[in-house]
Every structure is written in C-alpha cells, then in structure tokens.
Amino acid sequence: MHIDGTAALVSGGASGLGEATARRLVANGAACTILDRNAERGEALAKELGGATTFVAADVTDPAQVGEAVEQAARSAPLRIAVNCAGLGLATRLVDRSGSPHDLDAFRFVVNVNLIGTFNVMRLAASAMVGTEPLDDGERGVIVNTASVAAFEGQIGQIAYSASKGGIVGMTLPAARDLSPSGIRVLTIAPGVMDTPLLGLLPDEGRQALAAGVPFPKRLGTPDDFSALVVHLCQNAYLNGEVIRLDGGLRMQPR
Ligand SMILES: NC(=O)c1ccc[n+]([C@@H]2O[C@H](COP(=O)([O-])OP(=O)(O)OC[C@H]3O[C@@H](n4cnc5c(N)ncnc54)[C@H](O)[C@@H]3O)[C@@H](O)[C@H]2O)c1
C-alpha cells in the first residue's frame, strides 16, 4: 500500500515507538491522527508535525473516545492504517516475597489497557476501514499491533504484562482471518528492548547491561528501528497474520 494520501491512526503516538511511527508516517505523506491520553505531549507533537496531523486525547479502553478519534482520523482521507502503540508495564510477581498474592485489580488494569485497549482500537478502526473504497489490488487497510518479546519469554515479575502481550499475539491471526474478506491485513510487532522514554528512566549502567544481552547489533533497539518496520509492513502487501520479533536476536532470561 502507498502511504501517501492515506489517513493513519497511531495510538500511544505521543511518545516512544508511537511517536516515531507518527513522525515516519507523516514523512511518508500520511494524514496522521495521534491518539494518546497524554494531551500535553500529543498536542505539542501534532503542532510540530503540522500539515494534516491532528491529536485526539483519548484512553484506548474508552469506546466513545476511541470512536471519536477514529472519526477524526477518517475525516481527511480514507483511513487505511492503524498502529497500536499505547501500552504500559507493571513489575509484580504472582506471589511476593512476603507471600501476598498479586493484586487482582492491578492485573486487570494492565490487561485492560494493553490487550482490551488494542482490541478496542482494532475493532473501531477496522470498522471504518471496511467502509472505504478498496485500492486496485483489493486492499483496504492494514493494522499493526505492538506486543513484546515478553509475550514469549516473560521475566520474573512480568506476569500481567506477558498475559496482555500474549493476548495481542493470539489475536493477530484470527483478526487477519476475520478481516481478509475486506482486504485488511493485521500484523503484530514484538519488540525487544527499545530505547524509549520508558527505558530512559533507567540509569546508564542498567541500559548498558540490557544492550550487552543483545546478540547483534549490541545495542538497544531504537524507535526508528520500530517505525521503519511499521512502514515496511504497510508497504509489503504479502505480509499478513504474522507476529514479527524486532529484537536483535535477544531471548530474555528469567530475570
Ligand atoms: N520500550 C520497550 O522496550 C518496549 C519493548 C516491548 C514492547 N513495548 C511496547 O511498545 C509500546 C510503546 O511503548 P514505549 O516504550 O514507546 O512507551 P512510552 O511510554 O514511551 O509510550 C507509550 C504511550 O502510550 C500512551 N498510553 C498509555 N496508556 C494509554 C491509554 N490507556 N490510552 C491512551 N494512551 C495510552 C502513553 O501516554 C504514552 O504516550 C507499548 O505497548 C509497550 O508495551 C515497548
């Protein structure tokens, strides 16, 4: 699919991987709508990128707010690209050292934002895409979700996060199958350790230790590595229903 002239929606687009994705989609000619709950950063980025870029303050778990963002995105051009980057982590064990169980609401919260939020954006964006005119090859759109290598190798303390990301991996093929009659592809990226504001909170030694664990290249992944893959997934029409690791060959250890 040619990105130029399409409308794109990027959840979590105010920071990190989503921000880099919004920047690259705009550079490739998309009218980009940034959906994020961080209004300050989202508005500043939309202003900086200018042109047809818009920002909608929304929580991915809220049907009405996401519905508005999808409507806004589809206003300027046919909505053909939706990228799910909104997400968060939590470090809590199933049972902690003092024997207390994992808080159930904390587990629900992570699954709600990462998994159900992704589903919510996917269903509403796909419904808008279904209503667009197909391109010459029958394609109407592409949805790219963000899981994590923690979907496969969750570390100690990642049980809620891994469950939420494993759910995104599990949705990928059935979503692609459900949407295949409409010519909409669904793909998921499972990043390794990426250098985003999230990771920037770690001290330098911590970041270096993480980078040393990557087989090659021996560095953290960058938001640009991620956004370059998103653009490729949009452009390569034969990629569908797949989860792609973006991790320099990293396999996470228990801790
Ligand atoms: N950074 C990494 O190493 C890494 C690795 C694997 C997977 N991921 C995943 O990539 C995605 C992006 O992470 P990042 O590192 O860019 O983080 P980030 O914190 O820089 O960006 C996440 C963005 O999502 C937004 N967000 C969070 N909850 C939201 C909600 N309920 N509704 C709307 N917006 C919400 C935040 O405001 C923020 O702007 C996440 O899903 C994360 O789990 C990150």
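Summary table
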{"item": "Table column - 3J(HN,Hα) (Hz), segment 30-36, Karplus curve with 6.51, -1.76, 1.60, x for Gly and Pro", "result": "7, 8, 9, 10, 8, 10, 7"}
{"item": "HN-Hα J in Hz across segment 128-145 - Karplus 6.51, -1.76, 1.60, θ = phi - 60°, x for Gly and Pro", "result": "5, 4, 4, x, 8, 6, x, 6, 4, 8, x, 7, 10, x, 9, 10, 10, 9"}
{"item": "Among 104, 125, 154 the positive-end extreme of the charge dipole of segment 98-182 (Cβ point charges)", "result": "104"}
{"item": "Other-chain or far-sequence residues with amide H under 5 Å of residue 90's (modelled H)", "result": "161"}
{"item": "Over the chain, relative contact order from alpha-carbon pairs under 8 Å, at least 6 apart, %", "result": "20"}
{"item": "Total charge dipole magnitude, segment 117-255, about the Cα centre, Cβ charges on Lys, Arg, Asp, Glu only, Debye to nearest 20", "result": "420"}
{"item": "244, 34, 184 arranged by Cβ crowding within 10 Å, fewest neighbours leading", "result": "244, 184, 34"}
{"item": "Total charge dipole magnitude, the chain, about the Cα centre, Cβ charges on Lys, Arg, Asp, Glu only, Debye to nearest 20", "result": "540"}
{"item": "Sequence ranges 54-61, 4-11, 246-253, ranked by mean other-Cβ count within 10 angstrom, highest first", "result": "4-11, 54-61, 246-253"}
{"item": "Within a Gaussian network of the chain (alpha carbon springs, distance under 10 Å), most fluctuating of 27, 74, 86", "result": "27"}
{"item": "Selection from 180, 192, 211, by position along the positive dipole direction of segment 162-232 (Cβ)", "result": "180"}
{"item": "Cleavage-rule hits, GluC sites (Glu not before Pro), segment 18-83, DSSP coil, Cβ neighbours within 10 Å at most 15", "result": "none"}
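Taken together, the values in this text are just the output of simple stated rules run on the coordinates, not laboratory data. Everything numeric in this text was worked out from a predicted model, so none of it was measured. Note: ideal-geometry Cβ built from the backbone for every residue, glycine included; neighbour counts use all protein chains shown.
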